[in-house]
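In what follows, a structure is listed as structure tokens, so that the remarks can point back to it.
Nothing in this text is a laboratory measurement; each read-out follows from the coordinates by a stated rule. Just so we're clear, the structure is a prediction, and the values are computed from it rather than from any experiment. Cβ atoms come from the backbone with ideal geometry, glycine included; neighbour counts cover every protein chain shown.
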Amino acid sequence: MARKLKSDRVLFTATLLLVCASIVMVYSASALVALERFQQPYLFVTKQALWAVLGIAVLAITMRIDYRTYRNEKFVWALLGLVALMLVGVLFSRPVNGTRRWFSVAGFGVQPSELAKIGCVLFTALILEKRRHRIDDLAYSLMPIAIVVGGLVGLILLQPDFGTAMSLLLVVAMMVFAAGLHYKYFIGSVLCALPALYLVLVSAPYRRRRLMAFWDPWADPLGDGFQIIQSLIAVGTGGVFGRGLMAGVQKLFYLPEPHTDFIFAVVGEELGIIGASGILICFCVIAWRGLRISMRAEDTFGSFVALGLTTMIAVQAFVNMSVVLGLMPTKGIPLPLMSFGGSSLLMNLLGMGVLLNISQHESAEAR
Amino acid sequence: MADTSANAWRTTLKRRLVVAAAVFFAWSTAIEARLVYLQVFQHEELLSRAERQQMRTVAAPAKRGEILDRAGRVLAYSVDAESIYAVPTEIDDPGKAANALCEALDDCAPKERQLLSERIRKGRSFVYVRRQASPDQARRVAELQLEGVGFMKENRRFYPNKDLAAHLLGYVGLDNTGLSGIEATYDSLIKGHAGTVLIQTDARRHAFSRTEKLPTAGATLELTIDQYLQHIVERELRAGVEWAGAAGGSAVVMDPASGEILALANYPTFNPNSYRQFDNNDRRNRAIQDLYEPGSTFKIVTAGAALEEKVLAPDALIETSPGRIRFGSRVVDEDKGHNYGLLTFTGVIVKSSNVGAIKIGLRVGPQRLGDYVKRFGFGRASSPDFPGESPGIVWASSKLTDSAVASVSMGYQVGVTPLQMAAAMSTVANGGELLQPRVVRAVVRDGKRMLVPRKVVGRAVSTSTAAELTAIMEQVVEDGTGKAARIAGYTVAGKTGTAQKVVNRRYSNSEYNVSFVGFVPSRKPQYTIVVVVDSPHKVPPYGGTVSAPIFQRIADAALRQAGTAPTINAPPPLLVARRDDVNEQPTTGAADVPAIVTLAGSSQGSTSLFPDLRGLGARDALRSLTRLGLTARIHGDGVVVQQTPAPGGVIDRGSQATLWLKRQTPERGVNEPEP
């Protein structure tokens, strides 16, 4: 068994760069808002920095734990049980902005849906490794995944958190796709999903309005188009070199969530196309190295976990950036590793640690 | 088998991952393309959108320049005044806010309170609460710390001398724009350039940063006006107009050598600090806006034309019997039905004979008379300093009939302004040059003082003609119609004018414009003075009875104030050239060099001997000193017992004398009442 204890430095660097950029940008985006709301300019950045330190510590630990430790049905089921419990529990929490997504633990918000992603990736990888050989036998291979993932997605939708639910589905779909499920099933499910998607969108008026605002934000610039317009204005004003760090204006209550969902817009405004492209490149590097790790992983489980974790980061990042740039309808998805949000950062760094561990175990035959 | 299975799995995975990579690649390319589109191609448009929502531009008013008199005394200046405004969208309770504001302003009526409350309630983005509030009001409002109430600095114009030179200075509106007078004419100069304050605001309209483009302060204007002289003129004009029971009056004092207006007054007048409380009649600058028929003063023009064209000599004889002259059905009489009989040319002017003047005018002829009317500056606006100036009404030479020539010869059927008359008389005083009257002496901007040059419009008559006219005008004052203008110690040249006003399209027998024009000292003219009084009722309405005394008092005070040496051994009235204004460059060559110069230089700045003041009372001593343009410090009371400088000592203008007084039996009439 080829075993190199050399993890992917490029991936590690890109991750670290993003986390550092995150602290800087969270400060820039949140200082004045925090000052105005809580009289503490460093409130958000302090929390973010603490989470980042914790997250990097967790990354350092998971990087050293052999990923095959997780290839344990009991462990995965226990994890899923915990996730389910938390997802149910969170429904009884105090609503924030009309949604119930966070637990408050010692002043820090904990988001169970972030853990759900890790749980789903591990679970799906486990099932796929075992049942991959009969992947096109839907009842055999996909049914368990569909039940577990579907259940969790359902719970997440109850919060409601449509964005996270969708990205979770995408991550799992990507893993199943990589496992070799015939293309016809994907085409079929997309065809089935369309009416369902339509129903989901129609059922919640805010989602429909957001969708319409995406098509034509200028139709209602002070109403539903407001967020996307402010985001476009922020990015557009940045130009090539940006207004300069801390010099952005759009974060001053024009952008709805400057330090979380729209942090990429702040990057675009303050650091220009150079800074925004830098962030995009970092995520591309993560995607590239992640897929490379997945390809070269020693075993099937490693491959699928690597793919899942990579997709988790990449899909969220791309969706978030697309939303900020008005390429997709507005969804409440943070930019992984960048946005303010402790549990998201922690879970993503934990995932990266696992990914880095997998990168240490390269299969000789994969070269 | 395990190997092949593993390989098969890997092959599938690789194939699928390549697809996934392709998807990610396409996606990231799309994101990058979008970034380029937004940040490069859409940059300008989105930036302007951002600025539209983030920026509020507030004009930072420039400090309006000061207006000074010729000695640098301040006639108008600007002070920063706080204007209080409200942003109604930021005010939760308009009624309460309005009440609090009114409380703090301390001077608003219940109606104003109501109005303010309504204006705030309307929810516009900006309303003025009070413009140019007093510092106390601003402080009290600031202490309230009301949400949505702000301050901005605005210029408030202040005229420290109240109505002094009001018509000349004009006034400034709330928006810092000059609305009248010099303030309007030179608005663009005085106003400066407003700066801008770019206020960046957050989405809640709270300002968080300001970028200021500093305003450029306006230029300071130095006027030709002498504040003291202006005060004298206003005082005497007012006294004269009130004494005569007249509707109004104007007086212009001009330096005949430079064209500088030294004083310009109108009555009734107004206070530019509160110009809105006065009506148009008060605010009208009669001296430049009101046309009047000059009457006999205009005979100087007729005489000038005749002398210059050598139609008649000053000693030519003119028969004015039988005291009337007929043009078809029109008969022109001498005033009061006089019949002066045979008069010399000079006598015609001295006695102000209408028939004589008409005969002179007819001898000059329509073409030349019309020409000279224009050469003396009538019929066109005389100065760019007064944009509201009337050009006046004159005949085109070609249209002058005999009857019209007759009217014009004696100053009827022409419309002139007092300012034009002052310029025309200065022509006589300075040896024949028509100068542009001007009020602005210098413009001071960025620490640089730019003098406004003397401007010669043209030559009206030759220096010898001017000298002959001066001699005639001296006689008018010596033993003609203008005796009331005589000043002890000085020779005075003048001419009276009494003209019937046109009321309801007929010449009125009760409403007159009475005027006196002249210059002093006539042999070395320092002041050209025009006094026009409109419709005197309480006293006989003649230029010689109403205007000449006003002229006399103005001239007397002016000469004393300037310390002009009395005319002793007056030089012959040949000519006069006073070129003491070294800053001025001659604008024309030859015209500036007079043919005959009998006197050059000026008494100003020269030294004279200090008088013996011992034994005089304080008042008399001071009067003597004032006459010499000196001031004194006085110790004790009684009569002067000691003085520095000593009697006969050399004195310097501007130096201060010191007098020691002691009580003792007055040898002379100390404290005698002023005459």
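Couple of notes before you dig in:
- Cross-link pairs beyond the 18 Å C-alpha cut-off, checked among B:K399/B:K501; B:K299/B:K399; B:K153/B:K191; B:K299/B:K351; B:K310/B:K399; B:K299/B:K495: B:K399/B:K501; B:K299/B:K399; B:K310/B:K399
- Between A:A78 and B:E147, the simple label model (points 7 Å from Cα in the Cβ direction) yields a spacing of 5.4 nm.
- The mean count of C-beta atoms from other chains within 10 Å of the C-beta of residues in B:14-27, rounded to a whole number, is 6.
- Stokes-Einstein translational diffusion, chain B - Kirkwood Rh over all Cα pairs, 0.890 mPa s, 25 °C, in µm²/s: 82 µm²/s
- Computed from label points 7 Å out along Cα-Cβ, the spacing between A:V240 and A:V202 is 5.0 nm.
- FRET efficiency for the pair A:R37 and B:T11, taken as 1/(1 + (r/R0)^6) with r the Cβ-Cβ distance and R0 = 41 Å, rounds to 0.15.
- HN-Hα J in Hz across the range B:226-241 - Karplus 6.51, -1.76, 1.60, θ = phi - 60°, x for Gly and Pro: 9, 4, 5, 4, 4, 5, 4, 4, 5, 4, 5, 5, 4, 4, x, 5
- Put simply, the amide H of B:A493, placed in the peptide plane, has neighbours under 5 Å in B:F519, B:S522, leaving out anything fewer than 5 places away on its chain.
- The loop-placed GluC sites (Glu not before Pro) in the range B:120-178, going by DSSP, that have at most 13 neighbouring Cβ atoms within 10 Å of their Cβ come out as B:E147.
- Order of A:H259, B:H537 under a 10 Å beta carbon neighbour criterion, fewest first: B:H537, A:H259
- Note on A:283-293: average number of Cβ atoms from other chains within 10 Å of each residue's Cβ is 3.
- Applying 0.36 nm per residue to the separation of B:A22 and B:N281 and subtracting their alpha-carbon distance, the gain on full extension is 84.5 nm.
- Rounded to whole numbers, the Karplus 3J(HN,Hα) couplings from phi for the range B:473-488 are 5, 4, 5, 4, 7, 5, 9, x, 7, x, 4, 5, 8, 5, 10, 4 Hz, using 6.51 cos²θ - 1.76 cosθ + 1.60 with θ = phi - 60°, and x at Gly and Pro.
- Straight-line cross-link partners of A:K130 among the aspartates and glutamates, defined as a Cα under 18 Å from its Cα and at least 8 positions apart when in the same chain: A:E73, A:E298, A:D299, B:D3.
- Of interest is the spacing of the C-alpha centroids, which for the range B:321-335 and the range A:126-166 amounts to 126 Å.
- Under a 5 Å amide H cut-off, with hydrogens placed 1.01 Å from N, B:R459 pairs with B:L434 among residues at least 5 apart or on other chains.
- Between the range A:13-81 and the range A:182-217, the alpha-carbon center distance in angstrom: 32 Å
- Zone of A:W215's modelled label, taken as backbone nitrogen in the range A:158-196 under 12 Å from a point 7 Å along Cα→Cβ: none
- Separation between Cα centres of the range B:1-74 and the range A:228-256, rounded to whole Å: 8 Å
- Additional length obtainable on full extension of the chain from A:S104 to A:Y140, 0.36 nm per residue less Cα span: 9.0 nm
- Pairwise FRET efficiency - A:L327 versus B:S188, Cβ, R0 = 35 Å, nearest 0.05: 0.10
- Amide proton proximity set for B:V440, modelled H, under 5 Å, gap of 5+: B:T224
- Shape analysis of the range B:57-223 yields a ratio of the Cα radius of gyration to the Kirkwood radius, Rg/Rh, of 1.03.
- P(r) tail fraction, chain A - alpha-carbon pairs more than 35 Å apart, %: 23 percent
- Counting neighbouring beta carbons within 10 Å and listing from fewest to most, the residues A:V121, A:V53, B:V546 come out as A:V53, A:V121, B:V546.
- Straight Cα distances below 22 angstrom link B:K455 to the lysines B:K374, B:K524, with same-chain residues fewer than 8 positions distant left out.
- What the Cβ-Cβ distance of B:I393 and B:N509 gives, at R0 = 35 Å and to the nearest 0.05, is a FRET efficiency of 0.95.
- Straight-distance crosslink candidates among aspartates and glutamates, where the alpha carbon sits under 18 Å from B:K359 and sequence neighbours closer than 8 are dropped: B:E308, B:E309, B:D315, B:E319, B:D333, B:E334, B:D335, B:D371, B:D402
- Secondary-structure-derived ellipticity at 222 nm for the protein assembly as shown, considering helices only, amounts to -15000 deg cm²/dmol, per-run term -39500 (n - 2.57) for DSSP H runs with n ≥ 4.
- Using the alpha-carbon positions of the protein assembly as shown, Rg (one decimal) and Dmax (whole number) come out as 48.5, 155 Å.
- In this label model, B:R623 and B:A30 are separated by 10.4 nm, measuring between points 7 Å along each Cα→Cβ vector.
- Sequence of B:S382, A:S28 once ranked by neighbouring C-beta atoms within 10 Å, starting from the fewest: A:S28, B:S382
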